[in-house]
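The structure appears right after this line, and notes come after that.
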Amino acid sequence: MKKNLVFLGPPGSGKGTQAVKLAQKLNIAHLSTGDILRNAVKEGTRLGKEAERYMKNGELVPDHLLIDLIESKVASSELNDGFILDGFPRTVPQAKNLKEMFDKNGVSLEAAILFQVADNEVVKRLSGRWFCPKCQATYNYPTNVPRREGVCDHDGAELQRRPDDEESVVRNRLEVYKKQTQPIEDFYREESVLTEIKAEGSPEEVFQALLREIG
Ligand code: AP5
């Protein structure tokens, strides 16, 4: 089974949902650059202060900040038993840098999984997304509702919405994805590691398709 993975796909394509399930099943690391950046914003670190103004408008945070962040993870032992990079790389320079880091550290990328979802489905999903600020669990109205309205099933915290899930920001994130991230698909196609998954079925159906693809 392939265990060194990159997850690609537009906002709301289900990368995070699938990464959590797969990381649990295979007991491998799940590294979400979006989660790392949101934590940095919450904690008011230098990275967070720098990143916040890009994130709230749905723009990408500058490459050098992300590359430094990932480089330290690749060099550590954190990824030794397998990993899912969720949300990185997001530009061709990030993808090229990642390849160099992997080569330097003797790591091989086994698959870049591309989750395919239409724009209108993205807008629908993200306008219904709520998350738990404590444990990061994600919910969705109407497809994955919490047992008690507005409250996390796991720890009872009050659910919140992400500021970048406002529709105008989502539309910009989709444009940014098409311009800056989609060219990575060709990069990974040429590396012979790209695998596409139609990600519009239920989360469980998508998960089964994912398991088939990684063997
Ligand atoms: P990030 O947090 O990575 O956002 P994103 O890629 O836009 O992805 P999302 O988290 O919105 O969606 P997802 O695909 O994970 O879907 P999810 O599973 O949550 O990044 C945020 C920002 O950080 C970026 O805009 C950028 O500013 C910055 N950033 C991050 N990485 C960067 C990088 N490398 N370089 C530069 N900047 C960077 O699902 C979404 C919703 O749909 C949920 O409610 C879920 O319950 C529901 N859902 C999931 N699957 C299904 C399904 N099959 N059917 C129905 N509903 C579903």
*Candidate set: segment 40-59, residues that are among the small types (Gly, Ala, Ser) and buried (at least 19 other Cβ atoms within 10 Å of the Cβ); chosen: the one farthest from the ligand (Cβ to nearest atom)*: 40
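Return the residues of segment 161-189 that are hydroxyl-bearing (Ser, Thr, Tyr) and either surrounded by 14 or more Cβ atoms within 10 Å (Cβ to Cβ) or part of a loop (DSSP other than H, G, I, E, B) (or both); say none if nothing qualifies. Explain how you work it out, then say what you get.
Taking segment 161-189 as the starting set, the residues that turn out to be hydroxyl-bearing (Ser, Thr, Tyr) are 168, 177, 181, 188.
Passing the criteria: 177, 181, 188.
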*Do we find a residue being within 9 Å of the ligand (Cβ to nearest atom), closer than 16 Å to residue 34 by Cβ and outside any helix (DSSP H, G or I) anywhere in segment 139-160?*
no
_Here is a check on your reading of the model: is residue 6 closer than 24 Å to residue 215 by Cα, of a type outside the set (Gly, Ala, Ser) and crowded, with 16+ Cβ neighbours inside 10 Å?_
yes
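Return the residues of segment 22-39 that are near the ligand (Cβ under 10 Å from one of its atoms) and either surrounded by fewer than 18 Cβ atoms within 10 Å (Cβ to Cβ) or free of Cβ contacts under 8 Å to residues at least 12 places away in the same chain (or both); say none if nothing qualifies.
Going residue by residue through segment 22-39, those that are near the ligand (Cβ under 10 Å from one of its atoms) are 32-38.
Result: 35, single match.
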*Looking only at segment 40-86, count how many residues are more than 23 Å from residue 168 (Cα to Cα), in contact (Cβ under 8 Å) with a residue 24 or more places away in the chain and of a type in the set (Gly, Ala, Ser).*
2
_Quick check on segment 115-128. Is at least one of its residues more than 15 Å from the chain's Cα centre (by Cα) and more than 22 Å from residue 177 (Cα to Cα)?_
no
_If I ask for residues that are within 14 Å of the ligand (Cβ to nearest atom) and farther than 28 Å from residue 57 by Cα, which ones from segment 170-196 would you list?_
none
_Close pairs from segment 201-212: first more than 15 Å from residue 23 (Cα to Cα) and modelled with pLDDT under 95, partner more than 8 Å from the ligand (Cβ to nearest atom) and not basic (Lys, Arg), Cβ under 9 Å, at least 6 apart_ = 201/208; 201/209
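Hey, could you check segment 129-138 for residues that are part of a loop (DSSP other than H, G, I, E, B) and out of contact with any helix residue (DSSP H, G or I) (no Cβ under 7 Å at 6 or more places or on another chain) and say which is nearest to residue 182 (Cα to Cα)? Give the steps one after another, and end with the answer.
Applying the first criterion (part of a loop (DSSP other than H, G, I, E, B)) to segment 129-138 yields 132-137.
Imposing the further condition that a residue be out of contact with any helix residue (DSSP H, G or I) (no Cβ under 7 Å at 6 or more places or on another chain) reduces the set to 132-135, 137.
Numbers: 132: 29, 133: 30, 134: 32, 135: 30, 137: 27 Å.
So the residue we want is 137.
Hand me the list of helices (runs of 4 or more DSSP H) wholly inside segment 1-102 holding 1 or more residues that are farther than 29 Å from residue 206 by Cβ.
Values: elements: 15-26, 33-43, 46-55, 63-75.
Answer list for segment 1-102: 33-43, 46-55, 63-75.
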*Which ones in segment 103-119 are in a helix (DSSP H, G or I) and either within 8 Å of the ligand (Cβ to nearest atom) or at pLDDT 95 or above (or both)?*
119
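The values are calculated or read from the model by the stated rules, or taken from the named source; none is laboratory data. The structure displayed is predicted, hence computed values, not measured ones. Positions of Cβ are backbone-derived with ideal geometry, glycine not excepted, and every protein chain shown enters the neighbour counts.
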